[in-house]
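What follows is a short report on a single structure.
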Amino acid sequence: MLQFLDSADDVIALNISEKVTSADLDVIMDRLDAAMARHDKVHLFIETRSIDGIELAGLAAHIGRAMPLFGKLKQFGRIAVVADQMWLRAATRLESALLPFVSYKVYMPDQRAAALAWVEGKSTA
């Protein structure tokens, strides 16, 4: 299930749980493309809960759609990932190491408020 949270125009804030669907990825990419067209920097707050799978149908198309983002890495600002599953926190840390131009922080669920404040630029923590 995907739910967007109210946020500033240069912040994409979302909750996603259970299964990540192709439709979810489409909506997220549409919102990201629009924000990147309007802003020099785009910040992301991603909260995941109990992810139990990613729909494989259309995954190749989504990967192809995401490839141009590698040319826009400097346009990404602060990215906070709040995850209740260790494998997602580990994957985020790996992605952060592979993308040195992007500022990632990984948070536990009880640190959600701090993560959102950091993404919104209201805190340095």
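The values are calculated or read from the model by the stated rules, or taken from the named source; none is laboratory data. Everything quoted here is computed from the prediction, not taken from an experiment. Every residue, glycine among them, receives a Cβ derived from its backbone with ideal geometry; neighbour counts consider all protein chains shown.
General remarks:
- Leading residue by the ranking (surrounded by the fewest Cβ atoms within 10 Å (Cβ to Cβ)) among those in region 1-37 that are polar (S, T, N, Q) and over 12 Å from the mean Cα position of the chain (by Cα): Q3
- Of all residues making up region 88-108, the number that are under 21 Å from S17 (Cβ atoms) and hydrophobic (A, V, I, L, M, F, W, C): 5
- The lone exception for A113 - which of (1) touching a Lys or Arg at 6+ places or on another chain (Cβ under 6 Å); (2) loosely packed, with under 13 Cβ neighbours inside 10 Å; (3) modelled with pLDDT of 95 or more; (4) not charged (D, E, K, R) it fails: (1)
- Some residue of region 47-61 being surrounded by 14 or more Cβ atoms within 10 Å (Cβ to Cβ) and free of Cβ contacts under 8 Å to residues at least 24 places away in the same chain: no
- Some residue of region 38-52 being within 13 Å of the chain's Cα centre (by Cα), among the aliphatic types (A, V, I, L, M) and part of a helix (DSSP H, G or I): no
- Boolean, L88 is of a type in the set (A, V, I, L, M, F, W, C), outside any loop (DSSP other than H, G, I, E, B) and out of contact with any Asp or Glu (no Cβ under 9 Å at 6 or more places or on another chain): yes
- Neighbours by Cβ (under 7 Å, 6+ apart or cross-chain): first from region 65-87, farther than 25 Å from S17 by Cβ; second surrounded by fewer than 12 Cβ atoms within 10 Å (Cβ to Cβ): L73/F101; K74/F101; Q75/D40
- Failed item in (1) in a loop (DSSP other than H, G, I, E, B); (2) touching a residue at least 12 places away in the same chain (Cβ under 8 Å); (3) in contact with a helix residue (DSSP H, G or I) (Cβ under 6 Å, 6 or more places away or on another chain), with S123 passing the rest: (2)
- Checked against the criteria, R93 does not count as charged (D, E, K, R), assigned to a helix (DSSP H, G or I), surrounded by 13 or more Cβ atoms within 10 Å (Cβ to Cβ) and modelled with pLDDT of 95 or more.
- Within region 53-68, being among the aliphatic types (A, V, I, L, M) and either under 18 Å from A13 (Cα atoms) or assigned to a loop (DSSP other than H, G, I, E, B) (or both) holds for L56, A57.
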